[in-house]
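Worksheet: the structure to be examined is printed underneath.
Just so it is clear, none of the values below were taken in a lab; they were calculated from the coordinates. Note that the structure is a prediction, hence the values are computed from the model and not measured. Note that each Cβ is placed from the backbone with ideal geometry, even for glycine, and that neighbours are counted across all protein chains shown.
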Amino acid sequence: MNIQSFLQYIQFEKRFSPHTLLAYESDLIQFFNFQKKTYEVSDVTEINHPMIRSWMVNMMESGITPRSINRKITTLKTYYKFLLRKGEITVNPMLKVLSPKTSRRLPVFVEEPRMELLFESENHEADFESQRDRLILEFLYATGMRLSELIGLSDQDVDAYQGQLKVLGKRNKERIIPFTNKLKGLIKEYREERDQHFSNVPSFFVTEKGKTLYPKMVYRIVTRRLGEVTTLDKKSPHILRHTFATHMLNHGADINSVKELLGHANLSATQVYTHNTIDKLKKAHKQAHPRA
């Protein structure tokens, strides 16, 4: 099955991220390998909805979670819409495919005292790596930006005078995120230290060799630092995004404002964080009300 034209479409027209491209490509390869092995089918026009459901059942029996299956179904829906648009098929078999139900998973976040402890425990050494690592943690928690957005920051995107960042989010959508005066001082110190070592750097955050950061490096930094203050199983950069949103809502931030800060396309994506806020209110009510 030739899927390269589809991958080019979602890359250049839909502006999907490199991570999403790899996931979609992997999903389609798995799908077509199953169809070829099970039904000896090599033409996409010969695949019908029972064959697609058979793939889903096979994944369920293999222990793949409903959430992961739904993500793969999303890949197929996008792919078949593309084929329909290009006139390569006349009937979309995905219209008869129902997604398996999933339980709503609440975002994992770090409690506020733990975050305070994290920044209190941060050493204040003046070397480049220490300042960079601290600022990475501060940025992720203070702005709620995604890992890809952090890595993609250029020096021009960080406006310390105005106290704001310009980030390029999903679908190449730009947004402005404000930050506090405390970050201004840390940014100034980091820039001074960085510029002593490197000139004409490609990005705001760089490695010890002056190159652009890469995802695994940020993961290692965040995992190591969070491991000092929390026993959560997950200690990824995205946990700090969850933590930012939850803490903002817990302190009374308007949900629409949080939606814009996070760069969510739909309010429903932000509303998941309100569950943690409601749980906190229930706990406070139970502890304080005389008849609780």
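Beyond 27 Å between alpha-carbons counts as too far, so tell me which of Lys184/Lys259; Lys166/Lys216; Lys77/Lys235; Lys101/Lys166; Lys72/Lys209 fall in that bin. All intermediate terms of the calculation are to be shown ahead of the outcome.
Values: Lys184/Lys259 24 Å; Lys166/Lys216 23 Å; Lys77/Lys235 32 Å; Lys101/Lys166 37 Å; Lys72/Lys209 38 Å.
Pairs exceeding 27 Å: Lys77/Lys235; Lys101/Lys166; Lys72/Lys209.
As I understand it, the value is the acute angle between the Cα axis of helix 112-121 and the longest principal axis of the Cα atoms of the chain; what does it come to in degrees, rounded to 10?
So the helix axis and the longest Cα principal axis differ by about 60 degrees.
Below 15 angstrom from the Cβ of Leu261, what's the summed charge of the other residues (Lys, Arg +1; Asp, Glu -1)?
+3
Could you state the orientation-averaged shadow area of the convex hull built on the Cα atoms of the range 41-191, in nm² to one decimal?
13.9
Using only the alpha-carbon atoms, how far is helix 181-197 inclined from the longest principal axis of the chain? Give it as 0 to 90 degrees, nearest 10.
That helix lies at roughly 80 degrees to the long axis.
Counting Lys and Arg as +1 and Asp and Glu as -1, each charge on the Cβ, what is the dipole of the chain about the Cα centre in debye, to the nearest 20?
Its charge dipole is roughly 1300 debye.
Under Stokes-Einstein, with the Kirkwood radius over Cα pairs standing in for Rh, what whole-number D in µm²/s applies to the chain at 4 °C and 1.567 mPa s?
In µm²/s, the coefficient is 59.
Test of understanding: what is the full-extension gain from Ser68 to Ser130, defined as 0.36 nm times their sequence separation minus their Cα-Cα distance?
The Ser68-Ser130 span can extend by a further 18.6 nm.
Return, ordered by residue number, the residues of the range 27-45 whose backbone nitrogen is under 14 Å from a label point located 7 Å along Cα→Cβ of Thr90.
Residues passing the 14 Å test: 45.
Under the Kirkwood approximation applied to all pairs of distinct alpha-carbon atoms, what is the hydrodynamic radius of the range 107-242 in Å? Spell out each step's value before the answer.
Working: mean 1/r = 0.0656 Å⁻¹.
It works out to 15.2 Å.
Per 0.36 nm of contour for each residue apart, how much would the distance between Lys211 and His251 grow if the chain were fully extended, relative to their Cα-Cα spacing?
10.6 nm
Can you tell me the 0 to 90 degree angle between the C-alpha axis of helix 274-288 and the longest principal axis of the chain, rounded to 10?
Its long axis makes an angle of about 50 degrees.
Per-residue ellipticity at 222 nm for the chain, helices alone: DSSP H runs ≥ 4 residues times -39500 (n - 2.57), over residue total, nearest 500 deg cm²/dmol?
Details: 13 runs with 167 residues, N = 292.
The helix contribution divided over the chain gives -18000 deg cm²/dmol.
Given that compact globular proteins tend to follow 2.2 N^0.38 Å, what is the ratio of the alpha-carbon Rg of the range 222-277 to that value?
On the way: Rg = 12.3 Å, N = 56, 2.2 N^0.38 = 10.2 Å.
Its radius of gyration relative to the 2.2 N^0.38 Å reference: 1.21.
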